[in-house]
Amino acid sequence: MTTLDFRINRNAFGRLELRLPGGVTHQEVLPVRASPIAAPERGISLVGTDGHELLWIDHLADLPAETRALVEEELASREFVPEIECLRAVSSFATPSTWEVDTNRGATSFVLKGEEDIRRLGASTLLIADSHGVQFLIRDLAALDKHSRRLLDRFL
């Protein structure tokens, strides 16, 4: 389907509604990223309440601005993966340890239960799970300041 073949808008309850050619309408549609970290702007599936895919979107940039804004808004409300920009302090180099970090969503602290909660997703990308299951992302190790890299090296 092309971007002209469907319409997305919010229904009276604030949920996404998908209108397909021929007048078929699906209520409470959810966008889901195929690769939320590696390719967040590519591969978006619109799924129905039963979990089945209704529509595939190759690139968010291909959508009209209004439709893209609705999809991005819905994705943002469902996804919470703060990106760590700076490690300020680590309570201990043994686990469990409390980490004080600056993220793209503000300063916070969390408890790292074990080194196994730090997953490498590529040469320079890490995903860190705290004791409550919140996922923190380090997109590019090389972009961190020297102090942050030194603290992190103790756990890798």
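The values are calculated or read from the model by the stated rules, or taken from the named source; none is laboratory data. Worth saying up front: this structure is predicted, and the values here are computed from it rather than measured. Cβ placement follows ideal geometry from the backbone for every residue including glycine, while neighbour counts extend to all protein chains displayed. Just so you know, the surface numbers come from the protein's heavy atoms only, side chains and all, with ligands and any DNA or RNA stripped out. Shrake-Rupley method; radii C 1.70, N 1.55, O 1.52, S 1.80 Å.
Couple of notes before you dig in:
- Strands (runs of 3 or more DSSP E) enclosed by the stretch 38-142 - at least 1 residues per element that are touching a residue at least 24 places away in the same chain (Cβ under 8 Å) and closer than 22 Å to R10 by Cα: 42-47, 53-59
- Extreme residue, most open to solvent (accessible area, probe 1.4 Å), among residues of the stretch 104-147 that are of a type in the set (G, A, S) and within 17 Å of E79 (Cβ to Cβ): G133
- Hits in the stretch 1-37 (condition: among the aliphatic types (A, V, I, L, M), in a loop (DSSP other than H, G, I, E, B) and under 30 Å from L121 (Cα atoms)): V29, A34, I37
- Those residues of the stretch 1-37 which are in contact (Cβ under 8 Å) with a residue 60 or more places away in the chain and among the aliphatic types (A, V, I, L, M), in sequence order: I8, I37
- Residue that is nearest to the chain's Cα centre (by Cα), among those in the stretch 8-56 that are open to solvent by 80 Å² or more (accessible area, probe 1.4 Å) and charged (D, E, K, R): E41
- In this structure, S148 qualifies as at pLDDT 95 or above, within 26 Å of S35 (Cβ to Cβ) and assigned to a helix (DSSP H, G or I).
- Evaluation of A76 against (1) surrounded by 14 or more Cβ atoms within 10 Å (Cβ to Cβ); (2) under 16 Å from the mean Cα position of the chain (by Cα) (one fails), failing number: (1)
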